[in-house]
Amino acid sequence: MTPAYSLSQAEQFERDAQLEDAAMAYAGILSRNPRNTRAQSALEGLRKRLDTQTDPSPVHQAGLEAALAEGRHFEAAESCGALLKTFRESHFLWDFLGRCHLSAGHLDNAATCLNKAAGLNPRAAGTYAAMGRVKTARGELDNAMALFDKALSLSAGCLQAVHGKAEVLIQQGRSRKAAVMLRKAVAQAPDNAGLHFTLAGLLNRQGAAAEAKEHYSRAVRLNPALTEAQYQLGLLLKAEGAFAAALPCFDKVLKANPADDRARTQRLHVLAELCDWKWLPEYSDHRRQLGLRGSGCDPSALMLMEDNPDLLRARAQAYAGDLFGAAELNSTPPAGQRPDRLRIGYFFAAGDAASVLEQHGAMLAAHDRTRFDIRAYAIGAGLPDTAAQAFAGLNCGITVLDSGGAGQMAGTVKADRLDAAVDLSGYSGGGALQLFAARLAPLHIAFPGYPGTLGTAAYDYLISDAAACPPGSERYHSEHLLRLAGGFQAAAPAAPSAAPDRAACGLPEASFVFCSFASGSRITPLEFDIWMRLLQGAPDSVLWLRDNGEHAVSNLRRAAAARGTDPDRLIFAPAASRADHRVRLPLADLFLDSFTVNATADARDALAAGVPVLTLPGRQFAARTSASLLHSAGLPELIAENTRDYEAKAAALAPDSNARTALRGKLRSRQQTAALFSPERLARQVERAFDAACERQLQGLAPGHIDLE
């Protein structure tokens, strides 16, 4: 650019009344040629005109605000700094620069700029609101609240202050008051995407998922660049099983930021749920970084992608580092004696109550109340009245922790003076996780609703057994293993009932019925290839699968056709209640397990219903839960050694009616005697585990791996 062109451009800015741009252009010319008298004279005259202006023009202010709103805070701060050379006493520019530093996380610089702005205009409510946000980011909530109140005293309609105050109230556990404020603010400013976003997050935590989804949807419509709202909307859609609708949400986040591993993980998981196997090469392209850079990623989704327990532990540790922060670790107390009754608290997400009762209810009822004081804690909103009544009927009082901050809820638990706190949800439900960052009891124990390490020393023990976590697997876990004898699961045999006929379930009357009721994300080409070969080797057989939705069904039918199998030999069972599903289960001849993550609850249901389960154990905990079930059920012959053995065992059963009859008879016999089918036995084993762990603690010993004989 020639000096003459630069000078002509500066003069044009001045003629167009773009005085700030003209001043910066003349200053740029002089920085390159300090002796340019024409530019020097023009700049001096221009500065005299600008001295009468305190702030830059409305056009420049709007441009700066637009850049900040679009997330270009570094660019906006640079432009603001250039303007401050001309408008040194501009309240707007100092306030704006403070907000730029706040967006970038530079809290000290933000505080300096905002204090300068407040000195220039002590009546500006927005400046005090921004100062409150700085205090909030520093964790100084009382000071933040005072600044928000100051802003509201200057302007009762200051939305930034209302928004900030509501966020502080949420952190303080005063969520009901925050919700009232946010609803009023949204009514006052229905086009404010940030208010919709904050209200949606609060509603989601309160269990109002449908209303939260509505506000996340409005937030992204108002501001498509609000990627966190897009991400949270995707999570809500995914949670309700609307996988096809969730996928575009994660795609939009990745379009804005291809390095967002959280969104990548969720996208891959959704594709897997849809049985769209293009997730496999995409995962392969990202596996080395996924969950190990930036924000941690949900381990319950990542464990589905490969059977690699070393990698899973590293990813879980990264995720736990964000979630737990500086967790309070075990502090071994002085030696003491066991109280007459150990006080045990079982924790779970309120939304998981039904599955917790299904899996653990009989065991909880069987605990020895003369030696153990059993208590239940439901975390979060949404505990059904029927579940609360069921826990009361199990003789374990239930405490619902659905309001207050994490610190306040932890204080409520600590007042109960538990000897051990047991997490039944882990990453599968997540309700209790943040509470376990505080030391709720001398011992923290994970009971695997989530089958894997939680990746944090906040938990002292993980309950398991030698089949799920064999010797040598200790290194895969951040917790110490507490291995029960005879298995860590129980499945009471299903009560006798009249099963529907096969025709009512769409099954051919005389065919051999292979089945797998795993979720779509657990089915990979490895299993599916074997299943299709089994159908081809047994011409009269069919494969009975869970109907995981239109997209998943369509994809599996196409995959069958591509492998030379008639898609009509795949029969999809419609959704049913757990009770109704258990009634129809005995129509199957053999349950085929998935590999990377076993069917677990569905395999347990099958065995309880008298249906044999064939599994191939892998390396990670989640790939060995069915092997644990079969050992505990006394059916080790249904545990394959490799994929060839898995296929051979299934192929041998299909044509051999005598072998099938003998196997089902053996399973019925084992239901009367085997450890798996006795919740009472499991209760005794768990009590022995509590005794052993507490004994170490009372002896002044740090937690260590424990194997019960």
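Based on this model, can you work out whether PHE348 counts as crowded, with 17+ Cβ neighbours inside 10 Å and in contact with a helix residue (DSSP H, G or I) (Cβ under 7 Å, 6 or more places away or on another chain)? Lay out the reasoning, then the answer.
Details: crowded, with 17+ Cβ neighbours inside 10 Å: yes; in contact with a helix residue (DSSP H, G or I) (Cβ under 7 Å, 6 or more places away or on another chain): yes.
The answer is yes for PHE348.
For the range 155-229, which helices (runs of 4 or more DSSP H) that fit wholly inside it have 2 or more residues that are within 25 Å of ALA124 (Cβ to Cβ) and open to solvent by 50 Å² or more (accessible area, probe 1.4 Å)?
By residue number, 159-171, 175-188.
Of everything in the range 255-279 that's aliphatic (A, V, I, L, M) and over 20 Å from ALA599 (Cα atoms), which residue is surrounded by the most Cβ atoms within 10 Å (Cβ to Cβ)? I'd like the intermediate steps shown before the answer.
At the first step, the residues of the range 255-279 found to be aliphatic (A, V, I, L, M) are 256, 259, 263, 268, 270-272, 274.
Adding the requirement that they be over 20 Å from ALA599 (Cα atoms) leaves 256, 259, 263.
Values: ALA256: 14, ALA259: 11, ALA263: 26.
Checking each candidate, the answer is ALA263.
Sort out for me the helices (runs of 4 or more DSSP H) sitting completely within the range 603-709 that have 2 or more residues that are open to solvent by 40 Å² or more (accessible area, probe 1.4 Å) and more than 29 Å from VAL583 (Cβ to Cβ). Before you say what the answer is, go through the steps one by one.
Details: elements: 625-633, 643-653, 657-673, 679-698.
Correct list: 643-653, 679-698.
If a residue counts only when it is surrounded by 15 or more Cβ atoms within 10 Å (Cβ to Cβ) and in contact (Cβ under 8 Å) with a residue 40 or more places away in the chain, which helices (runs of 4 or more DSSP H) contained entirely in the range 60-151 have at least 1 such residues?
73-84
Spot the failing condition for LEU545; the list is (1) over 14 Å from LEU592 (Cβ atoms); (2) open to solvent by less than 30 Å² (accessible area, probe 1.4 Å); (3) at pLDDT 95 or above, and only one is missed.
Condition (1) is where LEU545 drops out.
Would you point out the residue of the range 362-380, among those that are open to solvent by 10 Å² or more (accessible area, probe 1.4 Å) and within 25 Å of MET409 (Cα to Cα), that is modelled with the lowest pLDDT?
Here the answer is GLY380.
Could you list all residues from the range 505-539 that are at pLDDT 95 or above, open to solvent by 10 Å² or more (accessible area, probe 1.4 Å) and of a type in the set (D, E, K, R)?
Those that are at pLDDT 95 or above, open to solvent by 10 Å² or more (accessible area, probe 1.4 Å) and of a type in the set (D, E, K, R): ARG522, ASP529, ARG533.
So which of CYS275, CYS297 is touching a residue at least 40 places away in the same chain (Cβ under 8 Å) and assigned to a loop (DSSP other than H, G, I, E, B)?
Working: CYS297 fails: touching a residue at least 40 places away in the same chain (Cβ under 8 Å).
Just a single option satisfies the conditions, and that option is CYS275.
Identify the residue in the range 469-480 that is buried (at least 23 other Cβ atoms within 10 Å of the Cβ) and within 24 Å of the chain's Cα centre (by Cα) and, among all such residues, is farthest from LEU630 (Cα to Cα). Working first, answer last.
Residues of the range 469-480 that are buried (at least 23 other Cβ atoms within 10 Å of the Cβ), as a first pass: 469, 477, 479.
From the residues that got through so far, the ones that are within 24 Å of the chain's Cα centre (by Cα) too are 477, 479.
Details: HIS477: 23, GLU479: 25 Å.
Looking at residues that are buried (at least 23 other Cβ atoms within 10 Å of the Cβ) and within 24 Å of the chain's Cα centre (by Cα), I get GLU479.
Name the pairs whose Cβ atoms lie under 6 Å apart, with the first residue in the range 653-682 and under 17 Å from PRO496 (Cα atoms), the second open to solvent by 20 Å² or more (accessible area, probe 1.4 Å) and part of a helix (DSSP H, G or I), and 6 or more positions between them or separate chains?
PHE677/GLN671
So, of the residues in the range 394-411 that are touching a residue at least 12 places away in the same chain (Cβ under 8 Å) and in a helix (DSSP H, G or I), which turns out to be most open to solvent (accessible area, probe 1.4 Å)?
Here is the first cut: in the range 394-411, the residues touching a residue at least 12 places away in the same chain (Cβ under 8 Å) are 394-410.
Then drop every residue that is not in a helix (DSSP H, G or I), which leaves 406-410.
Working: ALA406: 47, GLY407: 61, GLN408: 112, MET409: 28, ALA410: 5 Å².
This residue is GLN408.
The values are calculated or read from the model by the stated rules, or taken from the named source; none is laboratory data. Remember, it's a predicted structure, so these values are computed and weren't measured experimentally. Neighbour counts are summed over all protein chains in view; Cβ atoms, including those assigned to glycine, are modelled from backbone coordinates with ideal geometry. In case anyone asks, the SASA skips ligands and DNA or RNA and just uses the protein heavy atoms, side chains included. Shrake-Rupley method; radii C 1.70, N 1.55, O 1.52, S 1.80 Å.
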